[in-house]
1. Taking amide H positions as placed in the peptide plane 1.01 Å from N, state which residues far from PHE282 in sequence (5 or more) or on other chains have amide H under 5 Å from it.
2. Using mean Cβ contacts within 10 Å as the protection proxy, how do 186-196, 76-86, 114-124 order, highest first?
3. About the Cα centre, and with charges only on the beta carbon of Lys, Arg (+1) and Asp, Glu (-1), how big is the dipole of region 10-337? Nearest 20 debye, please.
4. In whole percent, what relative contact order does region 10-337 give with Cα contacts below 8 Å and a gap of six or more residues?
5. Going down the list LYS167/LYS253; LYS79/LYS167; LYS167/LYS208, which pairs span over 27 Å between their C-alpha atoms?
6. Over what distance in Å are the Cα centres of region 175-204 and region 305-329 separated?
7. Can you give the Rg to Rh ratio for the chain, taking only C-alpha atoms and Rh from Kirkwood?
8. Just add up the charged neighbours of VAL277: K/R +1, D/E -1, any other residue whose Cβ is under 12 Å from the Cβ of VAL277.
Amino acid sequence: MSDDNETHDSARRTLFKVAGAAAVAGVPLVAGNRAAAQNSAAAPEGHPGGAGPLKDPRELYVHSPFQAQPQPWPGLASKMIPRPDHGETTYRGSGRLAGRKALITGGDSGLGRATAIAYAREGADVAINYLPAEESDAREVGELVQQAGRKFVALPGDIRHESFCKKLVKQAADKLGGLDIFVNCAGRQHAYDDVLELTTEDFDWTLKTNLYALFWLTKAAVPLMPPGSAMVFTSSTNAYNPSPNILDYSMTKAGIADYAKGLAKQLIPRGIRVNAVAPGPFWTALQVSGGQSMANVEKFGDSVPLGRPGQPAEIAPVFVMLASTESSYMTGQVVGINAGNGLPG
Ligand code: NAD
Ligand code: MG
């Protein structure tokens, strides 16, 4: 190993030590910039949760290089280095979803967890779906929702099965005493560099998780949701500009954006709004559990103009807005949250 590499590796270890210590202390993971993160042992200042001093968005949170950290699918947020910021210590509610009843798939980690925390702090009762292997992540979310004084319902199970999707929506509505927000955050992404490696089984897995389940879940939810309700789906920037190593995933994300736009028109007579988010690269368990090669994880977020990955806490306010009556004139929209790369007009 050359001296250069040793310097680089040791600087990188310092970065993770600083970030890891901040996470353990419950301090949001922020690196003012790479140099500051590497050289300072002090916990860097946190994401202001919308009300702090002005901050250059490039200077918030962590940048690459990240540590290679393969996890078996579906991955746990609790094992990521650094741990993502889902807003645990920063999101401040102001009653924007008071009394609402929300079902969030994939609510254990990543974008879904950030949404669950924000919704509870905005006054909503929250049911989450996740896979049984993610029970420990889901338990952390349950504690946070209950700390916000809201009802929490845990509904583990695999959404690749129509019978489970029907049961999930019914149980959420029964246990929450109604349903007026449905957020679909669950998703499957597995990277293959070569289309010849992508098997029919994998293709089917991705389509079942990302498209069939969405169809089954919305069919079950529509009859239960009163006028004024809102659905929020999770598309991706890959819907418009697909990465070459996630072809099947990108197809489904384009499908989700299209489904949101069409379903929104169809559900106007019922008074139900439907919108989608199209995120860029966010630091979540999906990326380190097969969603990206480890080479891509190490430089995760480099390719967007802002030069760093998003943290789930940075998208939660958009999920809040799309669920809230504040966005009553918005339906059939796909909202980009992508660090400088716009969506096609
Ligand atoms: P994540 O791994 O934290 O969340 C994905 C969740 O999907 C998992 O927690 C898991 O509970 C759920 N899931 C997967 N397969 C399932 C199944 N068969 N049954 C039930 N649940 C299942 O990762 P994330 O990045 O927060 O992903 C949330 C959504 O955001 C996904 O739809 C993903 O495609 C989308 N997205 C993520 C990014 C990103 O860069 N992280 C970018 C664009 C879109
Ligand atoms: Mg998870």
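1. GLY310
2. Result, highest mean first: 114-124, 76-86, 186-196.
3. With only Lys, Arg, Asp and Glu charged at Cβ, the dipole is about 780 debye.
4. Across region 10-337, relative contact order equals 19 percent.
5. LYS79/LYS167
6. Region 175-204 and region 305-329 have Cα centres spaced 20 Å from each other.
7. 0.96
8. 0
Read-outs throughout are calculated quantities, based only on the coordinates presented, and are distinct from any laboratory measurement. Owing to the predicted nature of the structure, the values given are computational and were not obtained by experimental measurement. All Cβ positions, glycine included, derive from the backbone under ideal geometry; neighbour counts span all protein chains shown.
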